[in-house]
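Shown next, in structure tokens, is the structure this report addresses.
The values are calculated or read from the model by the stated rules, or taken from the named source; none is laboratory data. Since we're looking at a predicted model, the values are computed, not measured. Cβ placement follows ideal geometry from the backbone for every residue including glycine, while neighbour counts extend to all protein chains displayed.
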Amino acid sequence: MRDSGCERRDTRPGMSYWDLDILKLARQIAIAVHQATLQELPKFEMFEEGSQIRRSAKSISANIVEGFGPRRYKQEFIRFLVFAHASCDETIEPLETLFETGSLRNEGVYRDLNAQLDLIGRKLNVFIDSVERSHRTSHEISHPAPRIAHLAS
């Protein structure tokens with residue numbers, strides 16, 4: 001990743017989305033897809049399928065970031081993580097088509113990108129499951145009495 005000379009700072013107390021390993025991986029994939037589609041595809045595909053793949057790859061990290069903001073609402077966070085997973089699938093399908101049609105001829109690049117996208121898809125599934133199991137909503141945090149009463153009965 002290129003150093004822009006700017007430090008990313010979290011202005012909120014607690015964890016920043018920049019601390020998420022899954023976001024770091026999503027950004028690495030977006031950069032790899034961006035570079036590969038500009039370097040490995042014929043010109044006519046750069047502006048058709050290449051453009052679509054670049055947008056969907058970048059959408060993976062964008063959805064993770066967008067969902068992180070209101071993350072105290074579990075269902076909203078999960079919804080954006082599901083969108084990120086859908087963007088991952090949306091990137092894989094045209095990548096496979098480009099390879100199968102011969103527009104993407106570099107098998108090593110294809111296999112590497114496909115493996116990275118498969119990895120983040122699996123990691124997103126695990127992350128979604130983890131959030132579903134452990135992330136408490138703001139209602140549960142601010143009003144623990146009903147939960148405690150239920151546990152005591």
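The test for being at pLDDT 95 or above, part of a helix (DSSP H, G or I), of a type outside the set (Gly, Ala, Ser) and under 19 Å from the mean Cα position of the chain (by Cα) does not hold for GLN75.
When PHE44 is tested against (1) surrounded by fewer than 16 Cβ atoms within 10 Å (Cβ to Cβ); (2) touching a His at 6+ places or on another chain (Cβ under 8 Å), only condition (2) is not met. Can you name the residue in the stretch 108-135 that is small (Gly, Ala, Ser) and over 20 Å from GLY67 (Cα atoms) and is also surrounded by the most Cβ atoms within 10 Å (Cβ to Cβ) among such residues? Among them, the one singled out is ALA115. Taking the criterion of being within 21 Å of the chain's Cα centre (by Cα) and at pLDDT below 50, the residues of the stretch 1-29 that qualify are MET1, ARG2, ARG8, ARG9, ASP10. In this structure, GLY67 does not qualify as without any contact (Cβ under 8 Å) to a residue 40 or more places away in the chain, not acidic (Asp, Glu) and not in a helix (DSSP H, G or I). For the stretch 28-49, which positions are over 20 Å from GLY121 (Cβ atoms) and in contact with an Asp or Glu (Cβ under 9 Å, 6 or more places away or on another chain)? LEU41 - this is the single residue of the stretch 28-49 that is over 20 Å from GLY121 (Cβ atoms) and in contact with an Asp or Glu (Cβ under 9 Å, 6 or more places away or on another chain). Kindly check whether there is at least one residue in the stretch 124-145 that is more than 19 Å from ASP19 (Cβ to Cβ) and at pLDDT 95 or above. Yes, the stretch 124-145 contains a residue that is more than 19 Å from ASP19 (Cβ to Cβ) and at pLDDT 95 or above.
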